[in-house]
């Protein structure tokens, strides 16, 4: 029986059926891997599953309980997100964005956070019959943190641990072996449109380029639309075709490096890869290797202006000889 708590989880019938069966048969596993692409409902599925497992007679009403879970303030819930290390403190991605902190490398789930999980589970649940731990973006765990989590997964006590990751291949096999995998799929066009309307983002449906990049992920489509709004329109328009002169190539490279942080530059390269390929697949075959190489250099922290100038000069050369 599909429970009403999952009514807003669109296009994930298999995942919902597996989670509901575990609840109905009272065979909830100690750990689950919610596996699938970013932005297809894994976090929402974790919230709804957690809501059901934390509910008990005499607790909050369902809306109040759901609110506490979404706000991460239930005493028997620990929600773990990747962090940046800034001035000796662990800071979440949302806080880093609010404070405008420079982000040269992606956030990680760190050993200190794994130790917090063990400490959290060392005490009995306060209100519910079990504790819940959700580890978002579990693929960001370094090997030390992943190994530190193994013992907790072996002996979670009165707790259920949910790991959210792209798939089993993104985690250590020893972690995966201790979890029951719940597959989340990319959405078809109809379900994608349903979700975008439900979350008040129908404007994204007018962006076929972004929908193609999202590949069935409403979350990725929304994130791409929001990212697109941060790029100066005149710069984006200029980048829609290779530069026509060496001077233009150098100037565009300088503008990109000045206007965008590294993560935004990486996104822009993905956008241009898709744009060029869809606009002119034959000629773009000469251009795409340069964009892929630029992504690699940015990830290795090469000076961004130099990366973009070299890449744009390469596009100009290819354009000149095509």
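If you go through the range 293-322 and keep only what is loosely packed, with under 13 Cβ neighbours inside 10 Å and part of a helix (DSSP H, G or I), you end up with 296, 299, 306, 320, 321. Looking at the range 46-152, none of the strands (runs of 3 or more DSSP E) lying wholly inside it contains 3 or more residues that are modelled with pLDDT of 90 or more, outside the structural domain of residue 31 (by TED's automatic domain parsing) and within 25 Å of residue 184 (Cα to Cα). Inside the range 35-45, residues that are assigned to a loop (DSSP other than H, G, I, E, B) and surrounded by 18 or more Cβ atoms within 10 Å (Cβ to Cβ) make up a count of 5. Across the range 184-201, not a single residue is classified as buried (at least 22 other Cβ atoms within 10 Å of the Cβ), farther than 29 Å from residue 109 by Cβ and not assigned by TED's automatic domain parsing to the domain that holds residue 53.
Among the numbered criteria (1) under 23 Å from residue 210 (Cα atoms); (2) free of Cβ contacts under 8 Å to residues at least 40 places away in the same chain; (3) crowded, with 16+ Cβ neighbours inside 10 Å, which one does residue 262 miss? Result: residue 262 fails condition (2) only. Scan (1) assigned to a helix (DSSP H, G or I); (2) out of contact with any strand residue (DSSP E or B) (no Cβ under 7 Å at 6 or more places or on another chain); (3) buried (at least 18 other Cβ atoms within 10 Å of the Cβ) for the single condition residue 216 breaks and write down its number. So residue 216 meets the others, but not (1). Condition test on residue 281, is it surrounded by fewer than 15 Cβ atoms within 10 Å (Cβ to Cβ) and over 14 Å from residue 231 (Cβ atoms)? The answer is yes for residue 281.
Could you please find all residues in the range 202-213 being loosely packed, with under 15 Cβ neighbours inside 10 Å and assigned to a loop (DSSP other than H, G, I, E, B)? Passing the criteria: none in range. The combined condition, being in the same structural domain as residue 128 (by TED's automatic domain parsing) and either closer than 19 Å to residue 187 by Cα or modelled with pLDDT under 90 (or both), is fulfilled by residue 37.
Out of the range 1-34, which residues are closer than 23 Å to residue 188 by Cα and exposed (fewer than 15 other Cβ atoms within 10 Å of the Cβ)? Listed by number, the residues that qualify are 2, 4, 7, 8, 13, 14, 17.
Among residues of the range 1-21 being assigned to a helix (DSSP H, G or I) and without any contact (Cβ under 8 Å) to a residue 24 or more places away in the chain, the one that is farthest from residue 154 (Cα to Cα) is 4.
The values are calculated or read from the model by the stated rules, or taken from the named source; none is laboratory data. Just so it is clear, the structure is predicted and the values come from calculations on it, not from any experiment. Cβ atoms come from the backbone with ideal geometry, glycine included; neighbour counts cover every protein chain shown.
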